[in-house]
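*Asks:* Structure provided below as structure tokens; questions to follow.
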Amino acid sequence: MNIIRHDMGPRFSEMVVVDLGSARLLYLSGQVAENPSLDITGQMREILHHIDGMLATQARPSKTW
């Protein structure tokens, strides 16, 4: 098992990848909208866009939904 931490801060990592051999487990933390003046829909779009970018760095098949 291999653990890789991305964007480490003093308290947590933005993303942690645990390589389990045949699969990977990703933990995400600290995801907030960059523009808090947006409504909840706009903030969620920003957050999901950021998460999509982080997941894209893992070079796995695209999302299936």
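*Asks:* Which GluC sites (Glu not before Pro) does the stretch 9-61 hold that lie in a coil by DSSP with at most 15 other beta carbons within 10 Å?
*Replies:* Glu34
*Asks:* Okay, moving on. Select from Gln31, Phe12, Gly53 the residue farthest towards the positive end of the dipole of the stretch 2-56; place +1 on Cβ of Lys and Arg, -1 on Cβ of Asp and Glu, and compute about the Cα centre.
*Replies:* The residue sitting most towards the positive pole is Phe12.
*Asks:* Still on this structure, please answer the following. When the gyration tensor of the chain is built from Cα positions, what are the square roots of 5 times its three eigenvalues, in whole Å, from largest to smallest?
*Replies:* Equivalent ellipsoid semi-axes, largest first: 25, 16, 7 Å.
*Asks:* As I understand it, the value is the acute angle between the Cα axis of helix 40-56 and the longest principal axis of the Cα atoms of the chain; what does it come to in degrees, rounded to 10?
*Replies:* Tilt relative to the chain: about 20 degrees.
*Asks:* I would also like to ask the following. Need the full-extension length gain, Leu38 to Ser22, defined as separation in residues times 0.36 nm minus the C-alpha distance. One decimal, nm.
*Replies:* Stretched out fully, the Leu38 to Ser22 stretch lengthens by 1.8 nm.
*Asks:* Take the chain, connect every pair of alpha-carbon atoms lying under 10 Å apart with a spring to form a Gaussian network, then pick out the residue of Ser13, Ser37, Ser29 with the largest mean-square fluctuation.
*Replies:* Ser37
Read-outs: derived from the displayed coordinates by stated rules, not from any lab. This is a predicted model, so every value here is computed, not measured. All Cβ positions, glycine included, derive from the backbone under ideal geometry; neighbour counts span all protein chains shown.
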